[in-house]
1. Just to confirm my numbers, what's the Cα centroid distance between the stretch 680-701 and the stretch 270-318 in Å?
2. Give me the log10 of I(q) over I(0) for the stretch 1-52 at q = 0.27 Å⁻¹, as the Debye formula computes it from C-alpha points; what are the numbers?
3. What ratio of Cα Rg to 2.2 N^0.38 Å holds for the stretch 203-287?
4. Just to be sure I understand the curve: with the Debye formula and one point per C-alpha of the stretch 280-387, what is log10 I(q)/I(0) at q = 0.20 Å⁻¹?
5. Where does each of Arg596, Arg771 land when they are ordered by accessible area, with a 1.4 Å probe and the largest first?
6. Ser578 accessible area, nearest 10 Å², 1.4 Å probe?
7. Considering amide H positions built from the backbone, and no H for Pro or chain starts, which residues 5 or more places from Leu392, or on another chain, come under 5 Å of its amide H?
8. Counting only other residues whose beta carbon sits under 12 Å from that of Ala429, what net charge do I get with K and R as +1, D and E as -1?
Amino acid sequence: MNKRTLRVLEYYKIIEQLTSFATCPAGKRMCERLKPSTDIIEIERSQTETGDALTRVYQHGSISFSGVYPIGEAMKRVAVGAALSIPELLDIAKLLNVAKNARQYGEKSSESTIAVTGGHGRGEKDSDGMDEGTESSKTDSLTGYFESLMPLEHLAREINRCILSEDEIADDASSELKDIRRSMKVINGKVHDALSKLVSNQDNQAKLQDALVTMRNGRYCIPVKAEYKGQFPGMVHDQSATGSTIFIEPMSVVNLNNELKELAAKEAVEIEKILARLSEQVALSRESLLSNVEILTKLDFIFAKASYAKSYNGTCPEFNEDRVIEIKQGRHPLLEKHSVVPVDIRLGEDFTMLIITGPNTGGKTVSLKTLGLFTLMGQSGLHIPAFQGSKLSVFRDVFADIGDEQSIEQSLSTFSSHMTNIVYIMKHADKDTLVLFDELGGGTDPVEGSALAISILSDLHNRDIRCMSTTHYSELKTFAMTTEGIENACCEFDVETLSPTYHLLIGIPGKSNAFAIAKKLGMSDSVIENAKSQIDSSALDMEGLLADLEKSKRTIEKEQEEIEANKAEIEKLKARLSSKNEHIEQRKQDILRNAREEAREILEEAKAFADASIRRYNNWEKATGSDLTKEMEKEREALRGKLKNVNSKLEDKVPKRSSNHKASDFHLGDAVHVISMNVDGTVRSLPNAKGEITVQMGILQSTVKITDVEIIKEEKKQSKQQKTAAYRASVNKSRNIKPEINLLGMTVDEAISELDKYLDDACLSHLNQVRVVHGKGTGALRKGVHEYLKRQPYVKSFRLGEFGEGDAGVTIVEL
């Protein structure tokens, strides 16, 4: 990638932010050297590593590599037998501690991956019953790094046992050192005792400058006044600046101090031996230590990319070599993520060149930089701040001409500077590069500038180069509209608020909105009309056409969203209906099967009983006796009872209903329902003494008991005109009403009022089911809606939405 593009697209600012997430010096240097790659295999491997690290960060938090220090020089010295210093050995111990923690972090993440996969049951069992899916899920692209770490715990323990800090070696580092320090402690005690006795003597108080023991040149001394120095035999080691104090080592402790000096020398020699011994152990593990540094540096770099991606909710883009770009809800990574407006950018599939027009400060350049920066970030192995499923292509190089490149030193104007860069781009660009132009052809005469811009874009288009350009020239809008493979786009602008919305609208050329803005700011109508008269009528017609086109596209997009929502709802209803039909059919088959089985058992039982009875009758025909008639009558009674029992089993069990009406409730002409016949009729005679009335049921007239008759409440008859009006209203409602009402943002009272009117319309439109969107929130609105629905007689039932219907944020109402 050329350095100028990296600079103008502010790639180095991305690198600065990335570097701040690395925790060790070597990791930070690796981040600083990161450059975009052009090898798709390397790019995808790097993206996979970033994604796997991000997954681990979300599951187990971040990991620090702050104890990893450069040990290259130290390893060179131990390779030739040199001893390491205490700080160098401590750095190695810290390195091994980081390796140990990283190894444990990697093992914990792998165990979690296995548990999660096992819980979801995604594994496929092979023919031997082994779960291959779980086996493959044990590892990711980082597992090899973690498993290659060698904590060398024995070496780390030994260094930490022997070295307490940069200034202190432990007494237990060796038995010889322990003996030396024990002897030093004993002699120190003797020296202090002798000097303390000398200092505390009352006769010496006036002769000493201070009643204390001090040290000079590594030997214990007492501060004696200069005039009394002859009264303290010993060695003079120092005197004060004024000469009034002489620091004397009394003769009584000279030998003891000499012994301390000897022991101190032995201590230094023994410490050198200990450091040499530890250095030998380090030398034996030299290759492992260097490998640990390399792996930990690489992991620090990878986890820095993951932590950076987490900071802006980055996702892994899908890469291709077909030069197709599709950015979904992309956010410029250097802008405040809470205020930046996401943009959708497409290039390379339906069209190979995108020309963005519109007013200044509308977001054109931001969209341009977003595309370029996403390409650089993606090819560097960094996730991009966009929606999942965004696509990027691998480009050999990215060329960008953005910003004011005026150079005083080189005597170049703005136009000349841009043209110099564009000439370079035209020479080096090919179909495997991405070209970005900001205000192409600007800085010169508009007529010549627009003509030059069209010529440049035509050349790039003929060479099948992916290109995105911003411009103010209306000629380029016409060029894009009339050239196949080139598409217009604009950044939306709200004239009412005089502010851009920063939404990128592909397929619609932008308007300058100069007249609308001037009028909004108070410019007189006469001036604006005069200005319009200076413009060619075809240009004004073009602006009007653009406005109508923009309005139409918004309307179509909104209707398309509604259509998609309705189609999704229809598919859900079809799936639910199909499921219900299957259930009903299965239930029907079960009922029929059970009924046939029960009927077969009844018939078999009746046949067996009949066969037995026939045999007994045959026997009675052969026999004689006075009791024969009685026995035969008894058998007939048994047969009648059995037959009655069989018939009762085969009958439909219909619950008996009866009317509670009194005789006085009936009047001539009343509409009634005859329960036993299940038909409606009209009363033709009043109840008689037996409680019977005559009912006309079509052409049939019958006398029935009043307990078998229910009175039907007569409905008010509508005139033909009223029925026609109701029918028209119903048809109109059916045509316009939607199967969903949105109550979000309303109070309970407002929502109930809207819902009441909506349900009335739904009933008139013969809707069987509607969807009420009330959101989750505190639950107050949902509770109010449910309380209202309970009281409505035309509501058959209601329930909360299922998964895919909106969950607890919606209520499904059956009417």
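1. Rounded to whole Å, the Cα centres lie 102 Å apart.
2. So the normalised log intensities work out to -1.13.
3. Numbers: Rg = 20.0 Å, N = 85, 2.2 N^0.38 = 11.9 Å.
The value comes to 1.68.
4. Log10 of I(q)/I(0), two decimals: -1.07.
5. Details: Arg596 155, Arg771 45 Å².
From most exposed to least exposed: Arg596, Arg771.
6. 50 Å²
7. Amide H neighbours of Leu392, under 5 Å, 5+ apart: Glu318, Phe319, Asn320, Glu326.
8. With Lys, Arg at +1 and Asp, Glu at -1, the neighbours total -1.
The values are calculated or read from the model by the stated rules, or taken from the named source; none is laboratory data. In this text the structure is predicted, and so the values were computed from the model without any measurement. Because the Cβ atoms are built from the backbone with ideal geometry, glycine has one as well, and the counts that use them run over all protein chains shown. Note: accessible area is taken over every heavy atom of the protein model, side chains too, but ligands, DNA and RNA are not part of it. Shrake-Rupley method; radii C 1.70, N 1.55, O 1.52, S 1.80 Å.
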